[in-house]
Amino acid sequence: MLKTLLCSRLGIELPIFSAGMGPIAGPELVAAVSNAGGLGVLGCTSMSPEEIRAVVRRTYDLTDKPFGVDLILPARIDQSGTKMSDVAELIPEEHKKAAQSIAEELGVNQNSAVSNMDRNALGTDAEAQIEVVMEENVPVFVGALGSPGFIAKRLQDAGVVVMSVVGNTKQAVSVVKDGAEVVIAQGTEGGGHTGHVGTIALLPQVLDAVDVPVVAAGGIGDGRGLAAALVMGCQAVWVGTRFLATEEAGIQGWQKAGIVAAADQSPVISRSYTGKRFRMLPNKWTKAWEDNELDPLPMPLQPVLTGMTIGPLATDRGGKEGISMNGAGNIAGLIDSILPASEVVEQLASEAEACIARLSSNVAQQGEE
Ligand SMILES: Cc1cc2nc3c(=O)[nH]c(=O)nc-3n(C[C@H](O)[C@H](O)[C@H](O)COP(=O)(O)O)c2cc1C
């Protein structure tokens, strides 16, 4: 009942994608979602090409179903793979001092916190990362933030379906012009990097503006959200926050408990980790930047500053309570249990089927009256 044309094209049974969410969306989560009939997508942004190869191969060990790789693409492509240490030199001294004094106040042990500064800065090695996607025959590539234009044709020639995450209609039109074959439209209520337009306003506008399949994202956490997206004309949903509270998600138990405890208005938007608007549960680092007279720097400066002072952005895995980045969307208020990811997929599908059946019978009854 729920299988869409996009599902058929991808070779999956259910129109449910788990969102790429940095290392949180690792092989275990992705394989569980794909094995349950959806499409799991690995979050590979902060990984080196060889790390991506390793997680892709691990995923192939766990599933023979289709899956994808998600990367944050930079607005301007820097092919050289700029190192964190190069970016660090561009950070103003006053920001370094401010960040250090915040870290000291928070009691962060500077020596154990600092990232490996030889790594490439966030979003500066995309071409080499995507090369691995093609070499390993990953069936789906998802690009977030920037345009896939520099690589879309090569990906398509290699048989990879190219999808782009967008936050407004103008971006949707632009990524399709640049080669995206599927648009994932994420409303502001979504967890992680986020725009300004709400999901229910965004979807019909994007559906009208592009002639490729549209996938709904932002605030979808149960079958009612999935049914609504399908009724609007979307061909699948891209779900992040709901999959954080699963057994397979690569975050700490206290972070999962935080999602379960959160109310709808608990997540806030902060630029304090990545320099871009990121919806997350607040913590000491976000609050300290709110109180600071200096604004966070733009990407990629702020994530390097964060990495230099409180540790790598990939603190989701092995994260420190109170300091680790804790992405979550407004749908967190609906989530009251930590489940196996396969159960989340099954619940989403069965609730959506029930909703659509209820709607059809209500409409039919009203027609008879
Ligand atoms: C903790 C967290 C990390 C995220 N990291 C990424 C990422 O690395 N790449 C990306 O494209 N989107 C990322 N996102 C956004 C999701 O892909 C997705 O668009 C969003 O979670 C959908 O809204 P929802 O949280 O309401 O389901 C992240 C979201 C969360 C909650």
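The values are calculated or read from the model by the stated rules, or taken from the named source; none is laboratory data. All of these numbers come straight from a predicted model, not from anything done at the bench. Cβ atoms come from the backbone with ideal geometry, glycine included; neighbour counts cover every protein chain shown. Ligands, DNA and RNA are excluded from the accessible area calculation, which covers all protein heavy atoms including side chains. Shrake-Rupley method; radii C 1.70, N 1.55, O 1.52, S 1.80 Å.
Numbers at a glance
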quantity: Accessible-area value, Glu321, 1.4 Å probe, nucleic acids and ligands omitted, Å²; calculated: 130 Å²
quantity: Test item: Cα-centred dipole of the range 143-278, Lys/Arg +1 and Asp/Glu -1 on Cβ, debye; calculated: 380 debye
quantity: Dipole magnitude (debye, nearest 20) for the chain, charges at Cβ of Lys, Arg, Asp, Glu; calculated: 280 debye
quantity: Dipole of the chain [Lys/Arg +1, Asp/Glu -1 at C-beta], most positive-end residue of Ala354, Val87, Ser324; calculated: Val87
quantity: For the range 7-159, size of Cβ-based charge dipole, Lys and Arg +1, Asp and Glu -1, in debye; calculated: 380 debye
quantity: Percent RCO, i.e. relative contact order, over the chain, from Cα pairs under 8 Å lying at least 6 residues apart; calculated: 19 percent
quantity: Distance between modelled label sites at Met134 and Val231, nm, 7 Å Cα→Cβ extension; calculated: 4.3 nm
quantity: At R0 = 22 Å, FRET efficiency that the Cβ-Cβ distance of Gln347 and Met1 yields, to 0.05; calculated: 0.90
quantity: For the range 12-162, Kirkwood radius (reciprocal of mean inverse C-alpha pair distance, Å); calculated: 16.7 Å
quantity: The range 201-265: trypsin sites (Lys or Arg not before Pro) in DSSP loop, at most 10 other beta carbons within 10 Å; calculated: none
quantity: Theoretical FRET efficiency, 1/(1+(r/R0)^6), r = Cβ-Cβ of Leu62 and Glu321, R0 30 Å, to 0.05; calculated: 0.55
quantity: q = 0.13, 0.23 Å⁻¹, the range 271-369: log10 I(q)/I(0) [Debye, one scatterer per Cα]; calculated: -0.64, -1.18
quantity: Residue-span extension gain [Ser85 to Ala364] - 0.36 nm each, minus C-alpha spacing; calculated: 94.0 nm
quantity: Projected label distance in nm at Ser266 and Glu105, using a 7 Å step from Cα toward the beta-carbon; calculated: 2.4 nm
quantity: Residue (of Ala31, Gly258, Gly159) at the positive-pole extreme of the chain, dipole from beta-carbon charges; calculated: Gly159
quantity: Mean residue ellipticity (222 nm) of the chain, computed from DSSP H runs ≥ 4 via -39,500 (n - 2.57), nearest 500; calculated: -12500 deg cm²/dmol
